[in-house]
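Note sheet for the following structure.
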Amino acid sequence: MALRGTNISRHIYNASFAELGDTLADWGERQYRVLQLWHGLYRDQCASFEELTTLSFRLRRQLQENFQLSSLRSTDTLSSKNKETTKYLFVTESGERFETVLMHYDKRKTACISTQSGCAMGCVFCATGQMGFVQNLTSGEIVEQVITLARQLKQAGNKLTNIVVMGMGEPFHNYDATMKAMDILIHRQGFNFGARRITISTVGLIPMIERFTRERRRNMLAVSLHAATQDLREKIVPISARYPLIPLMEACRNYIEQSGRRITFEWALINDLNDGMDQAQALVKLVEGMLCHINLIPLNPTAGYGMLGSPQIKAKEFRDYLISKGLSSTLRIRRGIDIQAGCGQLAAANQPNG
Ligand code: SAH
Ligand code: SF4
């Protein structure tokens with residue numbers, strides 16, 4: 001039986017609640033069935049159609065014939081020595097590789113998910129950027145990362161508390177699939193994940209920040225800044241030539257004003273490059289009066305970039321300066337380094353030829 005609409009693939013996590021409703025209506029099913037199906041997929045996180053026992057045998061069979069529940073193959077799982085970080089290497093049906101990371105610390109269980117295999121933005125310090133662009137992930141592939149981790153946590157009596165869209169790829173370069181996945185994950189009748197517990201990190205694609213603002217998206221927004229002057233930023237974040245700092249900050253200010261939310265600015269501290277007081281001062285000026293938080297992280301060195309992360313003492317000085325000027329700022333420690341699960345270190349080492 002044909003599925004209505006061309007944008008629903010066989011992968012069931014690609015389908016929105018409304019799309020599944022249309023399909024079940026076409027099959028002559030009553031409307032409450034879609035709710036039962038949705039509960040099974042997202043509340044119960046069933047791992048197979050057979051587990052959807054609230055549905056009739058016939059409907060389960062029909063689902064099985066028309067859809068597939070899983071489209072990702074997990075090829076490897078690595079845990080850091082202290083067990084705080086687990087990295088999953090996935091392969092899509094078309095053979096593209098990407099990674100998802102689960103971080104457990106404090107009481108938080110955070111999934112760091114990918115939106116693309118590779119990335120077209122070319123940030124010089126980033127292992128994913130060094131790979132170049134491979135493929136966009138579908139919304140279903142984005143959703144499945146979260147459900148796979150949530151299911152595993154559930155089996156161990158735990159729950160996912162946060163999602164950061166900070167894995168491989170630039171989410172705003174795959175905006176539609178990313179936002180469709182977010183809508184599925186926050187759907188109240190299903191997975192019901194708090195929109196504010198999801199943070200989307202972008203390198204600063206201005207038109208998409210504007211769209212995110214216009215659409216009144218309720219997820220949290222992070223912008224990867226890394227430099228507070230145009231010439232330095234262009235050197236490390238090449239896309240900045242196309243989307244320069246001044247209009248970028250304008251778009252950020254507008255987002256804050258429209259949404260009433262704060263923005264997090266990400267800053268990887270690179271030794272002797274962007275960790276000096278000149279950059280700290282320029283940053284204070286740049287974000288003057290903005291409702292924001294500055295997240296500092298010493299660079300995780302990558303094979304394709306010769307620079308090192310700032311030593312602790314300089315990183316702390318940088319943070320302390322920002323705080324002394326009234327900014328909110330935290331210095332994150334690097335986690336998962338031994339399994340290359342630090343930000344921006346994902347998947348590149350696991351390429352077929354890598
Ligand atoms: N493309 C998006 C999200 C994925 S990258 C973005 O750039 O924001 C997630 C974060 O990791 C970004 O802030 C990115 O700049 C940072 N990052 C990338 N490589 C890194 C590295 N080697 N060390 C520290 N942070 C890195
Ligand atoms: Fe892409 Fe983000 Fe890496 Fe830049 S930092 S190359 S935008 S994944």
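The values are calculated or read from the model by the stated rules, or taken from the named source; none is laboratory data. These figures come from a predicted structure and were not determined experimentally. Ideal geometry is used to build each Cβ from the backbone, glycine not excepted, and the neighbour counts take in all protein chains shown. Ligands, DNA and RNA are excluded from the accessible area calculation, which covers all protein heavy atoms including side chains. Shrake-Rupley method; radii C 1.70, N 1.55, O 1.52, S 1.80 Å.
In the chain, the longest principal axis of the Cα atoms and the axis of helix 312-324 are about 90 degrees apart. With the Cα gyration tensor of segment 137-245 giving a ≥ b ≥ c as the square roots of its eigenvalues, does the rule (a/c under 1.5 for rounded; else a/b larger than b/c for prolate; else oblate) give rounded, prolate or oblate? In terms of gyration-tensor shape, prolate.
Computed over protein heavy atoms with a 1.4 Å probe, the accessible surface of the chain works out to 44 Å² per residue. Amide H contacts under 5 Å for residue 329: 294, restricted to partners 5 or more places along the chain or on a different chain, H placed in the peptide plane at 1.01 Å from N.
The portion of the accessible surface of the chain made up by carbon and sulfur, rounded to a whole percent, is 49 (1.4 Å probe; DNA, RNA and ligands excluded). Net charge dipole, the chain: roughly 1020 debye, given to the nearest 20, about the Cα centre with Cβ charges of +1 for Lys and Arg and -1 for Asp and Glu.
Pick out which of 166, 290, 182 has the largest mean-square fluctuation in a Gaussian network model of the chain, springs linking Cα atoms closer than 10 Å. Result for the chain, Cα springs under 10 Å: 290 fluctuates most. Cross-link partners for residue 109 among the lysines, with Cα-Cα distance under 16 Å and sequence neighbours closer than 8 places in the same chain left out: 83, 87, 154, 159. Across segment 74-85, coupling constants 3J(HN,Hα) worked out from phi with the 6.51/-1.76/1.60 Karplus curve, θ = phi - 60°, read 8, 9, 7, 9, 10, 10, 5, 4, 7, 6, 7, 10 Hz, and Gly and Pro carry x. With the cut-off at under 18 Å, measuring from each backbone N in segment 286-307 to a point 7 Å along the Cα-to-Cβ line of residue 317 picks out 296-299.
Given H placed 1.01 Å from N in the peptide plane, which residues other than close sequence neighbours of residue 201 have an amide H under 5 Å from its amide H? The answer is 165, 222. Assuming charge only on the beta carbon of Lys and Arg (+1) and of Asp and Glu (-1), the dipole of segment 236-275 about its Cα centre is about 220 debye to the nearest 20. Largest mean-square fluctuation among 15, 222, 282, in a Gaussian network model of the chain whose springs join Cα atoms under 10 Å apart, belongs to 282. With runs of 4+ DSSP H residues as the only contributors, calculate the mean residue ellipticity of the chain at 222 nm using -39,500 (n - 2.57) per run, divided by the residue total and rounded to the nearest 500. Counting only the DSSP helices, I get -9500 deg cm²/dmol.
Net charge dipole, segment 12-66: roughly 180 debye, given to the nearest 20, about the Cα centre with Cβ charges of +1 for Lys and Arg and -1 for Asp and Glu. Using 0.36 nm per residue and subtracting the Cα-Cα separation, the extra length available between residue 25 and residue 211 on full extension is 63.7 nm. Shape class for segment 12-66: rounded, because the ratio a/c of the largest to smallest gyration tensor axis (alpha-carbon atoms, square roots of eigenvalues) is under 1.5.
Along segment 123-131 the Karplus relation, 6.51 cos²θ - 1.76 cosθ + 1.60 evaluated at θ = phi - 60°, assigns HN-Hα couplings of 4, 5, 8, 9, 4, 5, x, 5, 6 Hz to successive residues, with x for each Gly and Pro. For a modelled paramagnetic label at residue 56, 7 Å from Cα along Cα-to-Cβ, the residues of segment 17-37 in reach, with backbone nitrogen under 16 Å, are 24-37.
If R₀ is 51 angstrom, what is the calculated FRET efficiency for the pair residue 18 and residue 235, using the beta carbon separation as r and rounding to 0.05?
0.65
Taking the Kirkwood radius as Rh and the Cα radius of gyration as Rg, the chain has a ratio of Rg/Rh equal to 0.99.
GNM on the chain, C-alpha springs below 10 Å: top fluctuator among 244, 298, 207? For the chain, modelled as a Gaussian network with Cα springs under 10 Å, the answer is 207.
Only beta bridges with both residues in the chain are counted; by DSSP, about 45 percent of them are antiparallel. Inter-label distance, residue 277 to residue 293: 2.9 nm, where each label sits 7 Å from its Cα along the C-beta direction. Where a ≥ b ≥ c are the square roots of the eigenvalues of the C-alpha gyration tensor, would you call segment 63-174 rounded, which needs a/c under 1.5, or, failing that, prolate if a/b is larger than b/c, or oblate? It is oblate, given that a/c is not under 1.5 and a/b is not larger than b/c. The HN-Hα couplings worked out from phi for segment 261-276 by the Karplus form 6.51 cos²θ - 1.76 cosθ + 1.60 (θ = phi - 60°) are 9, 8, 9, 9, 9, 9, 9, 7, 7, 9, 4, 6, 10, 10, 10, x Hz, whole numbers, x standing for Gly and Pro.
Database remark: amide H of residue 109 closer than 5 angstrom to the amide H of 161, 162 (H placed geometrically; neighbours at sequence offset of 5 or more, or on other chains; Pro and chain starts carry no H). Extent of segment 188-314 along its three principal axes (Cα atoms, max minus min coordinate, largest first): 48, 30, 25 Å. Percent antiparallel among DSSP beta bridges with both residues in segment 181-305, to the nearest 5? Of all bridge pairs located within segment 181-305, approximately 5 percent are antiparallel.
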